[in-house]
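Colleague: This is the structure I want to talk about, given as structure tokens.
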Amino acid sequence: MLRFLTAGESHGPCLMAIIEGLPAGLQVDVEQINQHLARRQRGYGRGHRMNIEQDRVELLAGVLYGKTTGAPLALRIENKDWKNWSERWASGDLPRLTVPRPGHADYAGMVKYGLEDARLVLERASARETTARVAVGAVARQLLAAFGVELGSYVEQIGDVRADLSDPSDDTLEAVERRRWELAEASDVRCPDPDAAERMRAAVDAARRSKDSLGGVFVVSACGVPVGLGSHVHWDRRLDARLALAMMSIPAVKGVEIGEAFANAGLPGTRVHDDLYPDGKGGVLRRTNRAGGTEGGMSNGAPLRVRAAIKPIPTTGTPHCSVDLLSGEAAEPQYQRSDICVVPAAAVVGEAMLAWTLAEALVEKLGGDSLQEMMR
Ligand SMILES: Cc1cc2nc3c(=O)[nH]c(=O)nc-3n(C[C@H](O)[C@H](O)[C@H](O)COP(=O)(O)O)c2cc1C
């Protein structure tokens, strides 16, 4: 019922997205979308490209007098770097890239589409595309906010540096999660643990010096999610499955965990499942959230917590071994300008995908052509 498409190349004129199925009457705050675009651009370890771009969204359709009309919403984000590339594209004097870069889409994309130039693959495979997704996610989170759902993210690990996120307080699960979001927002590595953040920066600096790259782990979470998004009745309606798809669709994400899945796998059941207690108002409360907010493929009212593992980005200053597909000889790939570590930025993209998945599930559950109808 709610869907989106993106288009655009990394060094093309712009990135675009169309969202279809939004209810009419949703106030769209353009500045809020721009704030999320800026958050995606930040983060210790980013490369030179992010100094060129100052991502700002333009709404081209679907919003009149600041509110959605129910028509498809069209978004556009200009690529400032386009002006450095447009003449080179037009003159056709860009050298072909015939040596695929290991870890990138280059090799499989060249073989699959019968292309002799990896540039035709990498222009679309580039994670620049996630800019459009962050804009789409920012609209989705405005819909969620109308229903009291809030989202955030934080970085748990960069390289082999792990944050200590234990929280001895008696605060609610939601309060603990919100505190982590706030601390992360003030950190250029999005890490709520300041000691670990310091060591993460040092690890990124060391990787830069040794012409290497680093991966890591981020967490995205949501509070205020109503019980019953998704469903146990069919495989493709399970919310946990849809969250895994959404996170895994982010370039370089290679592992997804809901709650404490991998730690839980090694524990007896009595130490894993989150017991229910009466909340004194006729409802229930939980003191633990090892399940990460889903049971039976449905949201269960506890904060949703999804962890994603990011591989070290494939472009490294130290060349990898490869093959020139034109000559069949061993060759080194041409170095393309690159980030060193993208875990903080990927966390912001993860928030966007979490927001989208929840908005989709909310629209499915509530139906309605207008926000008013959804509210009813
Ligand atoms: C926000 C973000 C920025 C990225 N920037 C780079 C980069 O500068 N250099 C690079 O080699 N990979 C970068 N990546 C990772 C590649 O896009 C990704 O590894 C590649 O497209 C292959 O896809 P796969 O890792 O999912 O197999 C970035 C990923 C994200 C999420």
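Laboratory data are not the source of any read-out in this text; all were calculated from the coordinates shown. All figures in this text were calculated on a predicted structure; none of them were measured in a lab. Ideal geometry is used to build each Cβ from the backbone, glycine not excepted, and the neighbour counts take in all protein chains shown.
Colleague: Given an 8 Å cut-off on Cα distances and at least 6 residues of separation, report the relative contact order of the stretch 298-349 as a percent.
Modeller: 31
Colleague: Something else: Return the whole-Å distance between the Cα centroid of the stretch 238-280 and the Cα centroid of the stretch 288-365.
Modeller: Centre-to-centre distance over Cα atoms comes out at 17 Å.
Colleague: Counting other beta carbons within 10 Å of each residue's own, what order do 335, 107 fall into, fewest first?
Modeller: 335, 107
Colleague: Could you check the simple spin-label distance between residue 321 and residue 276, using points 7 Å along Cα→Cβ, in nm with one decimal?
Modeller: The answer from the label model is 5.8 nm.
Colleague: Shifting gears a bit: Please list the non-local residues whose amide H lies under 5 Å from the amide H of residue 156, H modeled 1.01 Å from N, same-chain partners needing a gap of 5 or more.
Modeller: 217, 218, 219
Colleague: Next up: Could you calculate the FRET efficiency of residue 111 with residue 160 from 1/(1 + (r/R0)^6), where r is the beta carbon distance between them and R0 is 41 Å, rounded to 0.05?
Modeller: Computed FRET efficiency for residue 111 and residue 160 comes out at 0.75.
Colleague: Find the relative contact order for the stretch 1-128 and round it to a whole percent, using C-alpha pairs within less than 8 Å whose residues are 6+ positions apart.
Modeller: Relative contact order, the stretch 1-128: 27 percent.
Colleague: Go through 44, 17, 61 and say which Cα lies farthest out towards the positive end of the charge dipole of the stretch 1-80; charges sit on Cβ, +1 for Lys and Arg, -1 for Asp and Glu.
Modeller: Ranked along the dipole, the leading option is 44.
Colleague: Starting from the Cα-Cα distance between residue 31 and residue 210, subtract it from 0.36 nm times their residue separation and give me the gain in nm to one decimal.
Modeller: 60.6 nm
Colleague: In this model, which of 211/311; 254/365; 311/365 are farther than 26 Å apart at the alpha-carbon?
Modeller: 254/365; 311/365
Colleague: Along the charge dipole of the stretch 279-376, Cβ charges K/R +1 and D/E -1, which of 282, 328, 353 sits furthest on the positive end?
Modeller: 282
Colleague: While we're looking at this one, here's another question. Which residue, chosen from 82, 368, 33, occupies the Cα position most advanced towards the positive end of the dipole of the chain, where the dipole is computed from +1 (Lys, Arg) and -1 (Asp, Glu) charges on Cβ about the Cα centre?
Modeller: It is 82.
Colleague: May I ask you to evaluate 6.51 cos²θ - 1.76 cosθ + 1.60, the Karplus curve with θ = phi - 60°, for each residue of the stretch 199-209 and list the ³J(HN,Hα) values in order in whole Hz, giving x for glycine and proline?
Modeller: So the Karplus estimates, Gly and Pro as x, are 5, 5, 4, 5, 5, 5, 4, 5, 5, 4, 5 Hz.
Colleague: Still on this structure, I have one more. What is the spin-label model distance, in nm, from residue 94 to residue 373 if the labels are put 7 Å beyond Cα along the C-beta direction?
Modeller: 4.5
Colleague: Can you sort 181, 85, 235 by how many other beta carbons sit within 10 Å, fewest first?
Modeller: With the fewest neighbours first, 181, 85, 235 line up as 235, 85, 181.
Colleague: Express the relative contact order of the stretch 3-375 as a whole percentage, based on alpha carbon pairs under 8 Å and six or more residues apart in sequence.
Modeller: 23 percent.
Colleague: I want to check the label-to-label distance for residue 249 and residue 67. Put each point 7 Å from Cα in the C-beta direction and report it in nm to one decimal.
Modeller: 2.9
Colleague: So what is the calculated 222 nm ellipticity per residue for the chain, using -39500 (n - 2.57) for each DSSP H run with n of 4 or more, over all residues, to the nearest 500 deg cm²/dmol?
Modeller: Counting only the DSSP helices, I get -10500 deg cm²/dmol.
Colleague: Rank the residues 153, 249 as a footprinting-exposure proxy: fewest other Cβ atoms within 10 Å of their Cβ go first.
Modeller: Listing 153, 249 from fewest to most nearby Cβ atoms yields 249, 153.
Colleague: Which aspartates and glutamates, on any chain, are close to residue 281 with Cα under 19 Å apart, when same-chain ones fewer than 8 places away are left out?
Modeller: 171, 174
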